[in-house]
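Shown next, in structure tokens, is the structure this report addresses.
The values are calculated or read from the model by the stated rules, or taken from the named source; none is laboratory data. Quick caveat: nothing in here was measured; it's all calculated off a predicted structure. We place every Cβ from the backbone using ideal geometry, glycine too, and count neighbours over all the protein chains shown. Please note that ligands, DNA and RNA were not included when accessible areas were found on the heavy atoms of the full protein model with its side chains. Shrake-Rupley method; radii C 1.70, N 1.55, O 1.52, S 1.80 Å.
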2 protein chains.
Amino acid sequence: MIATKLIPRTASAQEQPLLVKTLLAQSLKYEPHREILYRDLFRMNYVTFNQRVRQLANLLLAEGVKPGDTVAVFDWDSHRYLECFFAIPCMGAILHTINVRLSPAQILYCMNHAEDKVVIIHEDFLPLLEAVKSQLTTVEKIILVSDKVYQNQEVNVPDGFVGEYESLLKTASDQYNFPDFDENTWATTFYTTGTTGNPKGVYFSHRQLFMHTMGLVTYISGYEAVPFHPTNDVYMPITPLFHVHAWGFPLLATMLSAKQVYPGRYEPDLILKLLTEEKVTLSHCVPTILTMVINCPGAKQADLSPWKVIIGGSALTKGLAKAALELGIQVYAGYGLSETAPVLSLTYLSDNERDLSIDEQVEFRTRAGRIAPFVDLQLQDDDGQPVPHDGHSLGELTVRGSWMTQGYYKEPERSEELWRNGWMHTGDVAAITPDNWIIIADRTKDVIKSGGEWVSSLAIENWLSQVEGIAESAVVGFPDEKWGERPHALVVLKPDYAGKVTAETIKTALQVHVTTGEINKWYVPDRIVIVTEIPKTSVGKLDKKKIRSEMKSLILS
Amino acid sequence: MIATKLIPRTASAQEQPLLVKTLLAQSLKYEPHREILYRDLFRMNYVTFNQRVRQLANLLLAEGVKPGDTVAVFDWDSHRYLECFFAIPCMGAILHTINVRLSPAQILYCMNHAEDKVVIIHEDFLPLLEAVKSQLTTVEKIILVSDKVYQNQEVNVPDGFVGEYESLLKTASDQYNFPDFDENTWATTFYTTGTTGNPKGVYFSHRQLFMHTMGLVTYISGYEAVPFHPTNDVYMPITPLFHVHAWGFPLLATMLSAKQVYPGRYEPDLILKLLTEEKVTLSHCVPTILTMVINCPGAKQADLSPWKVIIGGSALTKGLAKAALELGIQVYAGYGLSETAPVLSLTYLSDNERDLSIDEQVEFRTRAGRIAPFVDLQLQDDDGQPVPHDGHSLGELTVRGSWMTQGYYKEPERSEELWRNGWMHTGDVAAITPDNWIIIADRTKDVIKSGGEWVSSLAIENWLSQVEGIAESAVVGFPDEKWGERPHALVVLKPDYAGKVTAETIKTALQVHVTTGEINKWYVPDRIVIVTEIPKTSVGKLDKKKIRSEMKSLILS
């Protein structure tokens, strides 16, 4: 930072800090009549939503929540979760979004580590809590959430709980003057599971959430990377709200007072029903969910052409992109991490790319998108030196911006490792084109070094996805005496292909691309094993660590 | 501000400050092929633009400009001015946009007060500079700008000048690594002339310009208050770039890498030609300019239906709004001050207002717009107490937000007066509706107190604008023994109406609205005087101070 002349400020002058409450205030400004829905169970407009947010804040205040205290939430994707997204940070407290897919032991670790004081929990997750409750060291109050109240069924509140969410809200005042405070105030926290050690706590300030929302509105509404305008668009997340703030879109949709639909627990039939009946136009999800919706009975008859879907979490394969585009679904790909709030990039088709055929567009849409507004990405080699953004040189993606976690909570060494040399290290290996497209090659730990060449396991998985009969695949590297490392693949077949597709026919299919020069011959896996299931992590990604360890014997047998 | 828990930061972590260079970086990210034009003289794409911005920074660096130094610019609306908007702040220096309509004595005051070190000046303004040059106390270097270089004509560089802009740019390197620095760094300054005393210097930081751009992109692209998307839209300012950063739109258009057209000196025929040939879709201007374009020969034949125009500076009258809408031009109104960077509000038609007839829309479009995103407006009475936003109670508009000047430069008393009680006082009296429409009643000093009632001079001018034959009017209050104050009007007639319209016929026309109950009887001016011209300020607003002083004898005679 160089020294410059700062603006003078007269004593009484005010400059608004960047706070989540300012995003919330927007939701009432122009179109408060628009609706927020939960499944087919509950709907309200933004006036009611704002009242409920304040009722929740008053309820938490009454239960002793003070600025700096942490409130943990276990819930499906719901309007209640959205209320927590605003009420908890706006009162100066910290929202801890619990990953309900973690093991009880991991959840226990996270809750004690985060020092959760109050817990809001959906009854479906009570067994998870029950398993660890006796070992929780900081939790003082528990509030129960149940869908039964919307169906006029009786709710059974366990002993020792404060009560049930809806009943408690009703008794609380809907007036709450959210205070001003430092924009660097801690707003949210959640845990990311790596391949080694305990889960790591990332955290974001009000300013970071505000700026992430500014990046999104600039990219998707300004540039229209993924056109989204509240007058016509309807938003429905199909990424859990505990998964990196559902990628930040609930804050954007609320700020723009767009109609929002929360699907609760994911049920393909209900998702399809909400999509069509509520005229949903924008969603985001992992590839697995999109596959699920596309394959759902009824999808073929439904008009899905107004639907725009952003795929993240795992790479969008060409096979899936094409299948979706052929149904009229506009698919886009995004890239980011828990550490990056998360959006770093998103598909943006330039003036000259928008008119391409579906086949040609697939090439662009399956990349990891183009660098998002206000994000600074740099490829670095192992020594931290810049690698050219020429579209083919590979380097580790490192990042700077306005919404990156500034460390891992209470983990000084891992924090410095993450930010070594002043750039946040993503652990992903990629190429960047001169026009800012990101092509992810691999996780740094998953990239396969064969014969001195870096071989991308993702690229091989992508080629495999285009072989007829293959539903899913995972490629990992194993040591090889001659080449250093060689790729090996696990493959799951589509129903009806068992017996028809074998390791040999797959290799033959890949060889065709070798012959045409599309891939190098060393991309063809040494061994292809057909299995019925591939291990996944709690957020639905391929679990390569598990594959390498547990599946080693299977692959190398 | 309450105390909260701030996010911890590991030593090596970085968080990007909000800087103008981050907006500039966006212009190269996705669509660098789009163009920036200057009249019919010059066009370039964003790649060239970015190179020229860096050449300009190198040129200024070579001439001794350091962080914190001030560079003054005298120019018509040009691509060069846009280059100054970025190059000067991005190198850590301060851009002083000179209001070329001020008197030489005022310009001298401003330049010495701002401590301008380097001056960039279009040759058309040399006489202005010549008149004060000998009394300038801080200026060290002068760079000449001329349009002749684009016409292959010889440019005559005066003795002692550094040289001519284009030739100097050519010799400078196009590589400049704009540094990081504190986001509260002073970026721009300019002077606003009040009714008393010396011009006052307002100033804005990088963070404020960044956040103003975020407010605009959220409002016009996100909510589509005035739909603007760089894929289809073309921007042309017709507000001088020295007038509050041309309302901030050049920063927005550059960030979005939209096609931009700079019209230079305003010539109605050329503006119309640029509008149609370059397919301009978004402009902003004062009412006078819109009237000029509409009345230009050729306007009737031209297809102006893709044109969206935001009117500010003075109120948009119903007469002008209707005339424009009938030509297919979408007119919008904005409101703001020099002190507010400037946008505080802008027309936003809700879901249920967009489908109204032209006549019905005029009612909404001639209001001062609805409160812009992230802006907090409050009506206050004389004691600083809040006045309800009920659509009819009048109060002074006071404001807080992220882009308000934090004082007047070297004017501690006027700075505290502006920010008394922690709210910036606009000096405007208004009502605010429950759905956030602003209805400006008057300047606090122009409001007329008749019989204990506040009478809005603007409201009377608006009614006068709808009387057939009236081109323009100004209403001021004068003391009255019985009523305290009473309104008096100056009126300019349209050509061909001389003799046909008189003070009496105008009064009769207003009486009709009294009879129907649309206005109170005390709104009819005591005296209406027909004149050929009404005094204006340097930025084209009605000069009520001058009207009251100089015209007193005429009105009261």
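Miscellaneous remarks
- Test: residue in region A:13-22 that is within 13 Å of chain B (Cβ to nearest Cβ) and touching a Cys at 6+ places or on another chain (Cβ under 6 Å): yes
- Residue list for region A:86-112, restricted to those being away from chain B (no Cβ under 14 Å) and open to solvent by less than 10 Å² (accessible area, probe 1.4 Å): A:PHE86, A:ALA87, A:THR97, A:ILE98, A:ILE107, A:CYS110, A:MET111
- Breaking point among (1) more than 7 Å from chain A (Cβ to nearest Cβ); (2) under 27 Å from B:GLU518 (Cα atoms); (3) touching a His at 6+ places or on another chain (Cβ under 9 Å), for B:SER350: (1)
- Residue match in region A:231-247 (condition: open to solvent by 40 Å² or more (accessible area, probe 1.4 Å) and not assigned by the TED database to the domain that holds A:VAL118): yes
- Residue ID - nearest to A:HIS122 (Cα to Cα), chosen from residues in region A:164-175 that are of a type in the set (D, E, K, R) and open to solvent by less than 40 Å² (accessible area, probe 1.4 Å): A:GLU164
- Residue satisfying condition, being in contact with a helix residue (DSSP H, G or I) (Cβ under 8 Å, 6 or more places away or on another chain) and open to solvent by less than 30 Å² (accessible area, probe 1.4 Å), within set A:ARG34, A:ARG39, A:ARG54: A:ARG34
- The set of residues from region A:118-145 being crowded, with 21+ Cβ neighbours inside 10 Å and either modelled with pLDDT under 95 or within 14 Å of A:TYR81 (Cα to Cα) (or both) comprises A:VAL119, A:ILE120, A:ILE121, A:HIS122, A:ILE143, A:LEU144, A:VAL145.
- Failed item, numbered, when B:PHE204 is tested on (1) within 8 Å of chain A (Cβ to nearest Cβ); (2) crowded, with 24+ Cβ neighbours inside 10 Å; (3) over 16 Å from the mean Cα position of the chain (by Cα): (3)
- Criterion violated by A:ASN198 - all others in (1) at pLDDT below 95; (2) within 12 Å of chain B (Cβ to nearest Cβ) satisfied: (2)
- Matching residues, region A:66-79, being within 14 Å of A:PRO240 (Cβ to Cβ), open to solvent by less than 30 Å² (accessible area, probe 1.4 Å) and not small (Gly, Ala, Ser): A:VAL73, A:PHE74, A:ASP75, A:ASP77
- Matching residues in region A:371-414 - criterion: being under 25 Å from B:VAL217 (Cα atoms) and out of contact with any helix residue (DSSP H, G or I) (no Cβ under 6 Å at 6 or more places or on another chain): A:ILE371, A:VAL375, A:ASP376, A:LEU377, A:VAL399, A:ARG400, A:GLY401
- The single condition among (1) in contact with a Lys or Arg (Cβ under 6 Å, 6 or more places away or on another chain); (2) part of a loop (DSSP other than H, G, I, E, B); (3) within 14 Å of chain B (Cβ to nearest Cβ) that A:TRP186 does not satisfy is (2).
Conditions (1) out of contact with any Pro (no Cβ under 6 Å at 6 or more places or on another chain); (2) under 27 Å from A:LEU394 (Cα atoms); (3) acidic (Asp, Glu), marked per residue:
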{"position": "A:GLY499", "(1), (2), (3)": "yes, no, no"}
{"position": "A:GLU518", "(1), (2), (3)": "yes, yes, yes"}
{"position": "A:LYS521", "(1), (2), (3)": "yes, yes, no"}
{"position": "A:LEU554", "(1), (2), (3)": "yes, no, no"}
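- Subset tally (residues that are open to solvent by 10 Å² or more (accessible area, probe 1.4 Å) and either over 16 Å from A:MET424 (Cα atoms) or within 22 Å of the chain's Cα centre (by Cα) (or both)) for region A:379-412: 12
- Residues (among the hydrophobic types (A, V, I, L, M, F, W, C), touching a residue at least 40 places away in the same chain (Cβ under 8 Å) and closer than 23 Å to B:ALA225 by Cβ) located in region B:264-292: B:VAL280, B:LEU282, B:CYS285, B:VAL286, B:ILE289, B:LEU290
- Any hit, region A:259-276, residues being modelled with pLDDT of 95 or more and within 12 Å of chain B (Cβ to nearest Cβ): yes
- Positions within region A:343-362 being open to solvent by 50 Å² or more (accessible area, probe 1.4 Å) and without any contact (Cβ under 8 Å) to a residue 12 or more places away in the chain, in sequence order: A:ASN352, A:ARG354, A:ASP355, A:LEU356, A:SER357, A:GLU360
- Applying a threshold of 7 Å to beta carbon distances and a minimum spacing of six or more residues, or different chains, the list of pairs starting in region A:413-431 at a residue that is under 26 Å from A:ALA315 (Cβ atoms) and ending at one that is part of a helix (DSSP H, G or I) reads A:LEU418/A:GLU339; A:MET424/A:GLU339; A:MET424/A:LEU418; A:HIS425/A:LEU418.
- The single condition among (1) surrounded by fewer than 24 Cβ atoms within 10 Å (Cβ to Cβ); (2) assigned to a helix (DSSP H, G or I); (3) not assigned by the TED database to the domain that holds A:ASN156 that A:THR218 does not satisfy is (1).
- Comparison of A:GLU267, A:GLU278 shows that the only residue that is more than 25 Å from A:GLY336 (Cα to Cα), crowded, with 16+ Cβ neighbours inside 10 Å and of a type in the set (D, E, K, R) is A:GLU278.
- Restricting the search to strands (runs of 3 or more DSSP E) fully inside region B:441-557 and requiring at least 3 residues that are open to solvent by 40 Å² or more (accessible area, probe 1.4 Å) and free of Cβ contacts under 8 Å to residues at least 60 places away in the same chain gives B:470-480.
- Matching strands (runs of 3 or more DSSP E) fully within region A:366-435 where at least 3 residues are within 11 Å of chain B (Cβ to nearest Cβ) and at pLDDT 95 or above: A:395-400
- Output for region B:28-62, where each listed residue is outside any helix (DSSP H, G or I) and either within 11 Å of chain A (Cβ to nearest Cβ) or of a type in the set (Val, Ile, Thr) (or both): B:LEU28, B:LYS29, B:TYR30, B:GLU31, B:PRO32, B:HIS33, B:ARG34, B:ILE36
- Being touching a Lys or Arg at 6+ places or on another chain (Cβ under 9 Å), open to solvent by less than 20 Å² (accessible area, probe 1.4 Å) and closer than 18 Å to B:VAL261 by Cβ is a description that applies to B:TYR46.
- Of B:VAL155, B:VAL149, all but one fail to be assigned to a loop (DSSP other than H, G, I, E, B) and hydrophobic (A, V, I, L, M, F, W, C); the exception is B:VAL155.
- Checked against the criteria, A:GLU140 counts as in the same structural domain as A:THR97 (by the TED database), within 21 Å of A:GLN55 (Cβ to Cβ), in contact (Cβ under 8 Å) with a residue 60 or more places away in the chain and not aliphatic (A, V, I, L, M).
- Test set (1) in contact with a Cys (Cβ under 8 Å, 6 or more places away or on another chain); (2) surrounded by 21 or more Cβ atoms within 10 Å (Cβ to Cβ) - B:PHE178 fails condition number: (2)
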